[in-house]
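Quick notes on the structure that follows.
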Amino acid sequence: MTELNQSTTGQHRIDIEKLGVLNYLGELGVSGVESRLGKLAGKSTAVRSEVVKNGFVDESTVDLAFDAEKRLGVRVGLNGVPHGCILVLFPPASAKRAVRMMLADTNEDVADVSNDMAVSSIVELGGMVANGFLDALADTFDQHIATWPPVTRNSELPQIIERAVTDEEDRGLYLETKFHITSHNIDVELYLFPENEVFVEILNRLDMDAVTEGADT
């Protein structure tokens, strides 16, 4: 078995083979995003997974683990199991394209939209991405995952991550998924920060065959 150290709650143990399941969950989540987005801007939304990995970070290591790059997006709190939060973030250039995509069916000239309208578009898309990702995980866990409304984030990545880790106790384990909305040329970064103890328990109870079969379908 492998151990995850967490200063406030001692040690959480994950069966070593279950670490790979985290990556399968990331792939499943991306398929859930694609299903949730459906058709945007008048055409089917195609999504390609590019990076899926897991890790553990705390306040002392966040600057080493994440590059100091600007990100815009949302934080969606999980109102129940597995608790924690999910971050949906966009590099600045992709954020602009995301606004253009979300307003494509309106008569708005994207170059002239107000900051409030642009932020509202990012919040709407971020909420759709987060809930699509969570839909796929909820099906796998056979557990409804309720969420709070999205809250905007606009800062350097390490600062956003640090806030997600430190705003509640028993955080640090994360699932990182980067994907590309190919139909609209938008890069998306998604980070799931669950409550460590609860999520470790979920992982250790998961049927690996069921999860991997779901990822392959």
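List of remarks:
- Accessible surface comparison of E195, E169, probe 1.4 Å, protein chains only, largest first: the order is E169, E195.
- On a per residue basis, region 16-209 carries 46 Å² of accessible surface, using protein heavy atoms and a 1.4 Å probe.
- Accessible carbon and sulfur surface of region 16-209 relative to its total accessible area, %, 1.4 Å: 44
- In summary, the lysines within cross-link reach of K70, defined as a Cα separation below 25 angstrom excluding same-chain residues under 8 places away, comprise K53, K96, K178.
The values are calculated or read from the model by the stated rules, or taken from the named source; none is laboratory data. Note that this is a predicted model, so its numbers are computed, not measured. Protein only, heavy atoms only, side chains kept; ligands, DNA and RNA dropped before computing areas. Shrake-Rupley method; radii C 1.70, N 1.55, O 1.52, S 1.80 Å.
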